[in-house]
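Structure first, commentary second.
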Ligand code: FRU
């Protein structure tokens with residue numbers, strides 16, 4: 001009894017100290033610590049502690065808001081809060097105080113945020129329209145009691161531009177008797193003048209509609225017999241965009257699955273189709289599961305909410321750059337996890353050949369400090385580029401492969417640690433190999449070989465590779481397939497090599513050395 005009491009007192013003291021430290025550590029001004037080993041320099045990561053999914057992605061005036069699943073007192077997942085950061089360009093971030101904390105209804109799981117400009121919710125005050133966050137309450141006590149109704153959807157609103165939130169009592173969408181019922185993504189759907197909520201229930205997506213964000217009506221469901229079902233469906237999103245080649249309007253449904261992703265852990269799959277305010281219909285139901293990213297470390301990807309009318313620019317998505325199999329074990333400190341580079345989504349092709357491409361957003365170019373274009377007319381046999389010095393790198397390579405020969409792309413450092421992509425054009429396949437990438441022994445799955453589609457049947461190929469202190473993102477052939485993988489080498493991979501026979505020729509090689517996003521902004 002005494003011991004238990006003492007343990008509780010001690011826990012309380014630790015909690016209070018941790019609370020004050022964590023509040024301090026998430027405030028602006030702590031970025032000076034972004035120099036630790038493995039600390040991402042061109043990717044968002046919290047100053048300290050555990051982070052997972054991006055949440056509540058919203059543009060408000062000149063600022064992009066990004067909330068995220070956050071445990072401010074621990075290096076591993078626990079009772080979820082919403083952490084918060086803002087950005088003017090989606091590239092450089094400012095850390096903000098925690099936005100939402102657990103309460104008696106549960107922890108604050110993933111969800112979304114909208115700007116209720118016309119005050120449909122009636123939550124405006126003194127003429128200030130609210131930012132409305134809708135998220136999942138996850139009741140850990142009900143879960144321990146093995147109840148079914150563990151997850152429901154709650155609402156909180158902000159009248160100071162998304163910095164602080166007030167919770168509405170109760171929930172806006174009760175649990176209908178489904179154990180997994182979460183991750184609401186809300187958007188304004190102008191054709192029917194309704195808010196649409198897309199959420200997941202174990203193995204399918206459900207759509208709800210509302211006039212006021214507070215009362216929701218069930219519309220339909222999608223996916224029970226579609227796509228990949230190797231795991232629980234999570235973090236859905238519905239994104240409207242215009243096809244680059246066919247000029248037509250398409251709705252893209254993103255759904256993450258864990259496990260069951262292409263690399264064995266989690267992954268974000270997509271469906272192209274159309275949504276009429278009630279139902280989603282896939283345009284090519286015979287298409288097999290397709291993924292935003294085929295690498296091991298890209299999960300829970302969702303987009304920044306934007307006006308349904310502003311379809312002229314591509315939507316931006318961001319993913320959590322880790323995998324649930326080993327996310328709690330990766331050798332970083334005092335933080336765990338980073339977000340991917342923000343990526344623009346494009347629908348290319350037409351008819352049954354429609355596909356999604358993802359590429360770094362244009363604003364990412366603003367980090368380029370120095371560009372090196374290798375003169376291949378002087379050294380046509382050049383195959384190794386680097387070593388180079390920098391916080392992070394952006395490589396762009398063009399290749400010609402007359403005989404469909406096999407070849408490897410090798411990223412490495414002076415210690416001989418490497419990550420290798422072995423390409424077999426004849427079988428339209430590549431293998432991503434991290435078995436000699438640096439620290440790998442924290443989980444046996446980390447060095448699993450990952451098969452990735454190599455979608456080019458022509459002689460030429462294009463690679464864009466973003467290398468940071470502990471990650472690699474490879475965009476193949478204009479982002480038709482993408483590989484994101486974490487790596488923990490002794491020092492950054494500062495060179496790239498194309499290894500293969502003479503049929504494989506590098507026709508262009510450019511390197512941009514990237515500034516850290518945590519560097520003080522430069523003034524001209
Ligand atoms: C996805 C997920 C979500 C959930 C959140 C909890 O990674 O499992 O489904 O809302 O993480 O942190």
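Coordinate-derived values only; no laboratory data. Everything quoted here is computed from the prediction, not taken from an experiment. Don't worry about glycine lacking a Cβ; one is built from the backbone with ideal geometry, like all the others, and counts go over all protein chains shown.
Annotations
- Put in line by how crowded their Cβ is, counting other Cβ atoms within 10 Å and starting with the fewest, 205, 450 read 450, 205.
- Here the residues 400, 117, 325, ranked from fewest to most Cβ neighbours within 10 Å of their Cβ, fall in the order 117, 400, 325.
- 0 to 90° range, to nearest 10: angle between helix 2-25 axis and the chain longest Cα axis: 60
- Between the stretch 434-489 and the stretch 244-267, the Cα center-to-center distance that results, in Å: 18
- Helix-only [θ]222 nm of the chain, DSSP H runs n ≥ 4, -39500 (n - 2.57) each, per residue, nearest 500: -2000 deg cm²/dmol
- Difference of contour (0.36 nm per residue) and Cα-Cα distance, residue 276 to residue 448: 57.8 nm
- Placing a pseudo-label 7 Å from each Cα along the Cα-to-Cβ vector at residue 203 and residue 389 gives an inter-label distance of 5.7 nm.
- Counted residue by residue at 0.36 nm each, then reduced by the alpha carbon distance between them, the extension gain from residue 455 to residue 244 reaches 74.1 nm.
- Of interest is the spacing of the C-alpha centroids, which for the stretch 153-209 and the stretch 308-385 amounts to 29 Å.
- Remark: the residue 118-residue 211 segment gains 32.4 nm on full extension, using 0.36 nm per residue and subtracting the alpha carbon distance.
- Sorted by Cβ neighbour density within 10 Å, fewest at the top, the residues 168, 149, 125: 125, 149, 168
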